[in-house]
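The values are calculated or read from the model by the stated rules, or taken from the named source; none is laboratory data. Computed from a predicted model, the values in this text were never measured in an experiment. Every residue, glycine as well, gets a Cβ built from its backbone with ideal geometry; the counts of neighbours run over all protein chains shown. Please note that ligands, DNA and RNA were not included when accessible areas were found on the heavy atoms of the full protein model with its side chains. Shrake-Rupley method; radii C 1.70, N 1.55, O 1.52, S 1.80 Å.
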Amino acid sequence: MQLSTPVKALSIVLCLSLFSFNLHAEESADPEKDASASLAQEAYTKAQAAWEKGEWENGLSLCDQALKMNRRFKEAWLLKGQIAWQLKDYKTALTSYEECLRLDSKNTLVWVSRGQCLFELERYKDMQESFDRAQSIDPKFLPLYMNMGMNYLNMGNYEDAYVAFQKLEEMGEKSIYLAWTKRVLQITNESFAPPKDWNVNLDSYQTVLSLDDSTKAKYLVNLASTTGTAIRFAGSREQPFSYAPNLEVWDGAMIFDKRGDGLLANGTHFRYKRIAGDTMTIEEGRIENWRRSLSSKKCFLLSQ
């Protein structure tokens with residue numbers, strides 16, 4: 001049924017009146033909201049200052065004060081997450097980042113930070129999903145690839161670590177870890193290894209360093225030398241040397257040659273741990289023909 005013009009006008013007037021009433025009601029509540037927002041902002045500013053001074057417990061308390069007054073204060077959730085991370089309270093940090101994402105689901109930094117918490121909590125599949133989300137939002141976000149690379153490196157996933165560090169270099173950010181992963185891939189990935197039929201005489205390489213105590217050495221992948229030299233190491237299955245994160249070696253040598261720096265010589269014993277998804281694999285054996293020859297392999301399902 002068509003309304004007459006006066007009725008239409010009355011409807012419009014009523015709508016305008018209701019709008020004016022609601023606007024007036026909102027305006028009347030503004031002073032209280034403004035006061036609460038001002039107090040929340042003040043607490044947040046103090047929390048920032050406390051965080052910068054290293055007064056993390058105080059900063060966390062001030063963040064809670066700000067959030068008590070304004071639960072939708074996304075910057076306060078982010079800061080709370082950052083402070084909780086510093087305190088190694090990864091569960092609180094994760095909760096804070098997720099609250100922040102409910103308010104701002106397109107924040108790449110928070111998705112990356114969430115992924116870091118999930119890594120520390122050993123929830124690796126969820127970590128990957130968080131990184132994937134960050135990458136879909138901003139594929140050129142440098143901190144994403146640095147964190148991905150370091151996490152994969154610490155998971156023994158050298159292939160994905162190499163891809164992440166390569167991406168960093170493509171964007172102008174050089175990292176020593178690109179060389180690290182390329183060097184380790186010579187040992188763990190056949191496509192990076194020398195030919196199987198390449199024979200060398202270890203004695204023809206000048207030994208420039210002999211290592212006996214594995215407790216006094218960090219990562220052997222850090223060691224450098226000139227072409228034609230070798231570094232020998234002792235150790236044992238119980239007290240191995242760390243070649244790189246998740247790769248242990250003993251009773252062997254590494255050579256420096258035009259074909260590669262830090263190659264593990266044939267006969268070297270190794271233990272290699274790799275985490276992919278929700279599975280951890282541990283392999284042991286010896287290097288033969290520049291490749292891993294396994295004596296044992298165990299797989300474990302990680303609880304998420």
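For the reader, a short list of remarks on this structure follows.
- Test: residue in region 282-298 that is touching a His at 6+ places or on another chain (Cβ under 7 Å) and under 18 Å from residue 208 (Cβ atoms): no
- Here is the figure for region 126-168: residues that are basic (Lys, Arg) and either more than 20 Å from residue 245 (Cβ to Cβ) or open to solvent by less than 60 Å² (accessible area, probe 1.4 Å) (or both) total 2.
- Each residue in region 214-231 was checked for being surrounded by fewer than 17 Cβ atoms within 10 Å (Cβ to Cβ) and part of a helix (DSSP H, G or I), and 3 of them qualify.
- Check on residue 286, open to solvent by 80 Å² or more (accessible area, probe 1.4 Å), in a strand (DSSP E or B) and over 22 Å from residue 161 (Cα atoms): yes
For (1) within 26 Å of residue 277 (Cα to Cα); (2) aliphatic (A, V, I, L, M), each residue gets a yes or a no:
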{"position": "140", "(1), (2)": "yes, no"}
{"position": "152", "(1), (2)": "yes, no"}
{"position": "187", "(1), (2)": "yes, yes"}
{"position": "199", "(1), (2)": "no, no"}
{"position": "203", "(1), (2)": "no, no"}
